[in-house]
1. Accessible area of LYS56, 1.4 Å probe, to the nearest 10 Å²?
2. Okay, helix-only estimate at 222 nm for the chain: each DSSP H run of n ≥ 4 adds -39500 (n - 2.57), divide by all residues, round to 500 deg cm²/dmol; what do you get?
3. With N denoting the number of residues in the stretch 1-75, provide Rg(C-alpha) divided by 2.2 N^0.38 Å, to two decimal places.
4. Name the residue, out of ASP39, ASP31, ASP19, whose mean-square fluctuation peaks in a Gaussian network model built on the chain with Cα pairs under 10 Å.
5. Please give the solvent-accessible surface of MET65 in Å², to the nearest 10, using a probe radius of 1.4 Å with every protein chain present.
6. Among ARG25, ARG55, ARG13, which one shows the highest mean-square fluctuation when the chain is modelled as a Gaussian network with alpha-carbon springs under 10 Å?
7. Given the Cα-Cα distance of LEU45 and LEU16 and 0.36 nm per residue of separation, how much length would full extension add, in nm?
8. What part of the accessible area of the chain, given as a whole %, is carbon or sulfur when the probe is 1.4 angstrom?
Amino acid sequence: MSTSELKLNLLERLALVQDAGLLQRLKQVFDQELAESDDFTDDELAELNEIDRRRKAGLDTYLSMEDAMRMIREGRAA
């Protein structure tokens, strides 16, 4: 069965489903499987917020790529 045939088959079967519980479970499966890959977990968001907080507080400094490459070529530390 090709992908197109499988999709059509599933759509035809889905159109006949009347059970709201089953439809909700199917929605959850789709939501989990098709979620965007660049969604961050709570831990990742907390880490990003901490990095941003430290940057704004002046505790960490950052260089542009150009400045970093120039300093590397010159052989000096930041």
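1. Here the residue's solvent-accessible area equals roughly 150 Å².
2. Working: 4 runs with 53 residues, N = 78.
The per-residue figure over the chain is -21500 deg cm²/dmol.
3. On the way: Rg = 24.3 Å, N = 75, 2.2 N^0.38 = 11.3 Å.
My calculation over the Cα atoms of the stretch 1-75 gives 2.14.
4. ASP19
5. 130 Å²
6. Ranking ARG25, ARG55, ARG13 by mean-square fluctuation puts ARG13 first.
7. 6.3 nm
8. On the way: 4120 of 7400 Å².
For the chain, the apolar C and S fraction of the accessible surface comes to 56 percent.
The values are calculated or read from the model by the stated rules, or taken from the named source; none is laboratory data. Model, not experiment: these values are computed from the prediction. Note: areas computed on protein heavy atoms with side chains; ligands, DNA, RNA excluded. Shrake-Rupley method; radii C 1.70, N 1.55, O 1.52, S 1.80 Å.
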